[in-house]
Amino acid sequence: MYRRFLLIFLYLYALIFSAAKTIRMPNQWAQSHWLVDYRFGFIKRGLAGELFGFLFEKNAFSITVLSIAILSVLYFLIIKIALKTTWSNPKSYYRILFFVIFLLSQYIIFSAHLIGYLDHVVFLLTILAVYLITKNKWLPASVIAVFSIFIHEISVVLMLPVCCFAIIVNQIHRREFFIKNIFSRNLLTKLTLFLILPFLTVVFISFYQEINGENYYPQIFSYLKQSSIPENVSDSVCSAYTKSFTYYFSEQYQHFIQRIFISKATIFYGIPILFSLWIIFKEFKLKQNIQLFALLIVVSAVPLILHSIAYDTYRIWTFPYMILFLGFWILSLKCRAENIQTKHEKLSWWESLFFITAFLFVSLVPAVLFDGETERFSMIIKLILILPILLVLYFLKKAPAETD
């Protein structure tokens, strides 16, 4: 019981510390996305605003309440998954370190800073879809994926790869996984059943956007300005809603290599991501199945493709954290289903150094925020606030797991 209390405190404290650095009310970009709907005809990302307008009056207050509710549910599920996954193997210290890094990560920091963004809805739906897949309910998960793509096309790189990973892991014995097994008739059938509806949805939205998207720019721009959205924000949002994917690719692709390999995020985000991958590798004994580990690396890296069409580099770099969080959950559920308990191992000195480095990067390095904002805690305050985390980690390392 003592150990469980420490875990609950640790995870909640880490999440609150991360969110408190940057949390704010929904900015005008987020508000605009909830205001846009199908009143002028079909438009990508219009479903969220359409449903919102059907249920509530569209104003800043209702958007704020909805945004807080969505983020709260997402945080609740994240904490619940982290705790249940940790308790499923209470002797593993690796699991605790993984979730501490995730809860301190830039994903949590940006999720609070970008409250109201449709990304949060996409990840909520992804959690639901993955849960359904683990229960062998492919078609309901596929319908949710379609729904998510209509809310935001970013679902293609955030939701679909991790759902496919869940299907693959759920269908193949973890110790017998080989890439060639993905091409078995049984697994290909399940992947096709899941992907056919989302694929048709993506094709429809893409072609429609290429042909008709820009026709709606004047109406949406005028509507947003009448809704008290500043002209520069209205223009940016209208471009995001009406410009084609090929337009953004032609504008941004030349920066892709630099954003992946030669940016500050490459170091400050990349090292904690590498540590998270290492923890997964060790925790689930993936040395015995390197092909499964390689598949997870690919799935977690897929969101970085967005660097070729979007300029918000730091936001995009946060997505692999959430994908790895979901991947850890999927692998943990598979181990539980196969009744596999990984052996408890002590951290080596270099693993401890690796953790400390990743820990300092996610907890102390200031995030580059939107709208010219900065984190509200100074370096001194952050140094003081991380002490309870280190103290609880020390006690958890010393506390006997049998007390669970």
Exercise for the section: Go over the candidates A30, A14 one by one and state the one that is touching a residue at least 40 places away in the same chain (Cβ under 8 Å) and closer than 24 Å to S378 by Cβ. Expected result: A14
Problem - Residue in the range 64-78 that is farthest from G327 (Cα to Cα), counting only those that are among the aliphatic types (A, V, I, L, M) and surrounded by 17 or more Cβ atoms within 10 Å (Cβ to Cβ) - result: L66
Problem - When residues of the range 90-115 are limited to those that are assigned to a loop (DSSP other than H, G, I, E, B) and crowded, with 24+ Cβ neighbours inside 10 Å, the one nearest to the chain's Cα centre (by Cα) - result: S105
Exercise for the section: Just give me the residues in the range 87-138 being of a type in the set (V, I, T) and at pLDDT 95 or above, in sequence order. Expected result: I96, V100, I101, I108, I109, I115, V121, V122, T126, I127, V130, I133
Completion exercise
The helices (runs of 4 or more DSSP H) lying wholly within the range 156-247 that contain at least 3 residues that are buried (at least 20 other Cβ atoms within 10 Å of the Cβ) are 160-171, 185-212, 231-242
Fill in the blank from the handout: (1) modelled with pLDDT under 95; (2) under 19 Å from I133 (Cβ atoms); (3) under 18 Å from the mean Cα position of the chain (by Cα) all hold for L333 apart from (3)
Completion exercise
Only one of (1) of a type in the set (A, V, I, L, M); (2) within 14 Å of L74 (Cβ to Cβ); (3) in a helix (DSSP H, G or I) does not apply to L139, and that is (2)
Exercise for the section: Go through the residues of the range 278-290 one by one and say whether even a single one is crowded, with 20+ Cβ neighbours inside 10 Å and not hydrophobic (A, V, I, L, M, F, W, C). Expected result: yes
Exercise for the section: State yes or no: is K135 within 22 Å of L10 (Cβ to Cβ) and charged (D, E, K, R)? Expected result: no
Problem - Meets criteria (of a type in the set (V, I, T) and more than 22 Å from the chain's Cα centre (by Cα)) for I43 - result: yes
Exercise for the section: Please give the number of the condition T201 fails out of (1) within 27 Å of G41 (Cα to Cα); (2) more than 23 Å from the chain's Cα centre (by Cα); (3) polar (S, T, N, Q). Expected result: (2)
Practice task
Say whether the condition of being at positive phi and surrounded by fewer than 17 Cβ atoms within 10 Å (Cβ to Cβ) is met by at least one residue in the range 29-41.
Solution key: yes
Exercise for the section: Could you give me the residue pairs with C-beta distances under 8 Å whose first residue belongs to the range 289-311 and is under 16 Å from F261 (Cβ atoms), whose second residue is hydroxyl-bearing (S, T, Y) and surrounded by 19 or more Cβ atoms within 10 Å (Cβ to Cβ) wherever it lies, and which are 6+ apart or on separate chains? Expected result: H307/T313
Exercise for the section: Would you check if there is a residue in the range 1-12 being at pLDDT below 90 and not basic (K, R)? Expected result: yes
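The values are calculated or read from the model by the stated rules, or taken from the named source; none is laboratory data. In this text, all values refer to a predicted model and were calculated from it rather than measured experimentally. For neighbour counting, all protein chains shown are included, and Cβ atoms are generated from backbone atoms with ideal geometry for every residue, glycine included.
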